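The values are calculated or read from the model by the stated rules, or taken from the named source; none is laboratory data. Treat the numbers as computed from the prediction; the structure is a model and nothing was measured. Every residue, glycine among them, receives a Cβ derived from its backbone with ideal geometry; neighbour counts consider all protein chains shown.
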Amino acid sequence: MGKFVRDKIPDIITASGRRAVVHRLGHSAYVGALHDKLLEEAAELRAAGSLADVTDEAADVLEVLIAIA
C-alpha cells in the first residue's frame with residue numbers, strides 16, 4: 001500500500017488476523033515521510049467540516065509536528 005502509519009496500526013492489523021507488511025525507514029526517509037504526512041493531515045484539517053473533525057485533524061497535525069520537532 002505504501003502508506004506511512006502510526007498509532008500501532010500494524011499491531012491492530014495483525015490482531016485482526018491479517019498480515020501487516022512493514023518497512024523501517026532510515027532517518028532521511030523518515031523525515032521525508034513525516035513531511036508528506038504533515039501535508040496530508042493539513043489537507044484533512046482544511047477539509048474538516050465539523051468542530052469535532054477540526055479537533056481530531058488538528059490533533060493529528062500536532063502529533064506529526066511533534067514527531068518532526
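Structural remarks
- Within region 6-40, the set of residues being under 16 Å from Val61 (Cα atoms), touching a residue at least 12 places away in the same chain (Cβ under 8 Å) and outside any helix (DSSP H, G or I) comprises just one member, Arg6.
- Here Tyr30 meets the list (1) within 20 Å of Ile9 (Cβ to Cβ); (2) modelled with pLDDT of 95 or more; (3) among the hydroxyl-bearing types (Ser, Thr, Tyr) almost entirely, failing just condition (2).
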